[in-house]
1. Considering every residue within the stretch 268-286, establish whether at least one is among the hydroxyl-bearing types (Ser, Thr, Tyr), closer than 23 Å to Lys164 by Cβ and open to solvent by less than 30 Å² (accessible area, probe 1.4 Å).
2. Assess whether Ile181 counts as being open to solvent by less than 20 Å² (accessible area, probe 1.4 Å), in a loop (DSSP other than H, G, I, E, B), of a type in the set (A, V, I, L, M, F, W, C) and within 22 Å of Gln77 (Cβ to Cβ).
3. Within the stretch 256-271, does at least one residue satisfy the condition of being in a helix (DSSP H, G or I), touching a residue at least 40 places away in the same chain (Cβ under 8 Å), within 30 Å of Gly431 (Cα to Cα) and of a type outside the set (Ser, Thr, Tyr)?
4. Out of the residues in the stretch 218-248 that are more than 17 Å from Lys260 (Cα to Cα) and in a helix (DSSP H, G or I), state the one that is least open to solvent (accessible area, probe 1.4 Å).
5. Among the listed residues Arg40, Arg54, which satisfies the condition of being open to solvent by 40 Å² or more (accessible area, probe 1.4 Å), farther than 30 Å from Lys165 by Cα and either in contact with a helix residue (DSSP H, G or I) (Cβ under 9 Å, 6 or more places away or on another chain) or among the aliphatic types (A, V, I, L, M) (or both)?
6. Quick one: in the stretch 257-267, of everything that is more than 24 Å from the chain's Cα centre (by Cα) and not small (Gly, Ala, Ser), which residue is least open to solvent (accessible area, probe 1.4 Å)?
7. Condition check: of a type outside the set (A, V, I, L, M) and at pLDDT below 90. Does Glu76 satisfy that?
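The values are calculated or read from the model by the stated rules, or taken from the named source; none is laboratory data. Values in this document were obtained by computation on a predicted structure and should not be read as measured data. Virtual Cβ from ideal backbone geometry, glycine too; neighbours counted across all protein chains shown. Accessible surface is based on the protein model in full, side chains and every heavy atom, while ligands, DNA and RNA are left aside. Shrake-Rupley method; radii C 1.70, N 1.55, O 1.52, S 1.80 Å.
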Amino acid sequence: MPTLFEFSQQIATFKKEKKFSEALSYFRENKGSFTKEQIRNNEYILSDMISCLRYSNHLDAGFQFLSIYGIAINEEQKERILSAYGWLLWAKYKAENENNGHSATEDDYFDSEDEETVIEDFDFDKSELLEKVETLIPILNSLNSDFTKTLSSNLFTIVLKSEKKKPAPNWKLVNEFCNKIDRDKLSKECSTIKVERKGQLKDMELASDFENWYAYKTKALTKLGEWQECFDLSKEALEKIENFHYSNDVWFSRRVALSKRNLGNTEDTIQELQTILKKKREWFIQKELAELYFEKGNIESALKQATDAMNNFGPLEFKVDLLYLLGKILKQQDKLELSFQHFSLSKLIRQAEEWKLPQKLFDELRTFTFSEIPQTDFKKLKNELQKYWDSFKAPQTKTYDRPRTFDNSKTATVPNLEGEIVRILHDNERGKVGFIKSNGKEFYFSVNPNFQSISKIAVGTKVLFEIKPATDGKKEQTRIKKLIE
């Protein structure tokens, strides 16, 4: 019969050699030689057994083990046991939420904004597992060791990313979870991971837990319509965070603007959104600006921003409310047929996607005497309206001498250039963005998911492209015309 020390050492050896099943079998065969109190008072046996159960994917058995031996999780517990328990909790939360938390893809980390800021009402029953996480994180933070900081960070991240990845995230849950976490005790350190981009490993710096807290918390507040708190925390984030990731400085600024709008300060909102657009030309920000101009009765500016948004990068099906807004703007201009067509396209897209039709859309369509446009005419209607949106695009002319070095004495049509794709920054359902190298210079490009050869857009691909001119304060844009075989 082994002594308690020998018992503990053998389990530790099995664990070190990654013989987890052998460790579990050995424990079962020999545990009867010791009292529960002897095992309960040995932090090494407890922590190693919890770890072996986790590594063997016996997660529920891990929690049962803790219950059998009456292991309390509190500030008095040993750090070794708290750490083993925390990783068990992390693995269980990950498994229950089907979260691929360690898949090192850029999309897992970059926070792309939603196009809508519709106020949503959420109900949720807090799971026992989430309550355990909320209880453990403050305990780990109080220990203030590098090991527990890493664990605390992983628990904090797994909850937020698990919820965000769901088809319909429960932002009330996210908000309540953030309320349980003291942001001032979260790490401000930024870690770096290796991300595979088209067969090449690249370093990518991640946002700190401190930055992520503000990002998730303020986004949740926009979803819940808590505008004063959203305004205060977004401003606080801009003041306290030193280095921003994933364009969070832009998104915090946007939330400040949206908060001002919903708190009744339209003029400031317009100015702030105009400033944001200089940094981040997203179509949904243009839409928000168009809505503000429309509300103020500035119809021409509203039309310009709305058509710019239609011509900007982004899937058409995400722009159903933008189409509705254009219908309202055109109706105000007495362009009734065009207005009807925009309302109709919004309806047809919703029907094709099997989305609910809002009552306001029905109400608008009933005010027209035109014949209903059938679903079979969807493509025809879309193509007709595309021509209308294209009519607002600036002519592709530019003064130039060589690419991106222009001589004001010459004016000509934008030339076609040849180059090679040297970097891909994003590759997701919204398309691809990256850099093309030509004549020793790099040019930022983006292609939407409908680009006919998008699957062939990769590092090393040779392309024919053009540089669209800067107009009305817009930056120059690079458009890939075709691939060079």
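1. So the first thing to find is which residues in the stretch 268-286 are among the hydroxyl-bearing types (Ser, Thr, Tyr), and the list is 269, 275.
After this cut, where a residue has to be closer than 23 Å to Lys164 by Cβ as well, the list is none.
No, because not a single residue in the stretch 268-286 is among the hydroxyl-bearing types (Ser, Thr, Tyr), closer than 23 Å to Lys164 by Cβ and open to solvent by less than 30 Å² (accessible area, probe 1.4 Å).
2. Working: open to solvent by less than 20 Å² (accessible area, probe 1.4 Å): yes; in a loop (DSSP other than H, G, I, E, B): yes; of a type in the set (A, V, I, L, M, F, W, C): yes; within 22 Å of Gln77 (Cβ to Cβ): yes.
Yes; evaluated as a whole, the condition is true for this residue.
3. The answer is yes; a qualifying residue exists.
4. Taking the stretch 218-248 first, the residues more than 17 Å from Lys260 (Cα to Cα) are 239-248.
Add one more test, that the residue is in a helix (DSSP H, G or I), and what stays is 239-240, 248.
Details: Glu239: 141, Lys240: 94, Asn248: 2 Å².
Going through the qualifying residues, I end up with Asn248.
5. On the way: Arg54 fails: farther than 30 Å from Lys165 by Cα.
From the options Arg40, Arg54, the qualifying one is Arg40.
6. Keep residues of the stretch 257-267 that are more than 24 Å from the chain's Cα centre (by Cα), which gives 263-267.
Right, trim to not small (Gly, Ala, Ser) and you get 263, 265-267.
Values: Leu263: 91, Asn265: 61, Thr266: 37, Glu267: 93 Å².
My answer is Thr266.
7. Details: of a type outside the set (A, V, I, L, M): yes; at pLDDT below 90: no.
Criteria not met by Glu76.
A quick yes/no check of all residues on (1) more than 27 Å from Trp251 (Cβ to Cβ); (2) touching a strand residue (DSSP E or B) at 6+ places or on another chain (Cβ under 7 Å); (3) among the aliphatic types (A, V, I, L, M):
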{"residue": "Lys287", "(1), (2), (3)": "no, no, no"}
{"residue": "Lys296", "(1), (2), (3)": "no, no, no"}
{"residue": "Asn311", "(1), (2), (3)": "no, no, no"}
{"residue": "Glu317", "(1), (2), (3)": "no, no, no"}
{"residue": "Ile329", "(1), (2), (3)": "no, no, yes"}
{"residue": "Leu338", "(1), (2), (3)": "yes, no, yes"}
{"residue": "Lys347", "(1), (2), (3)": "yes, no, no"}
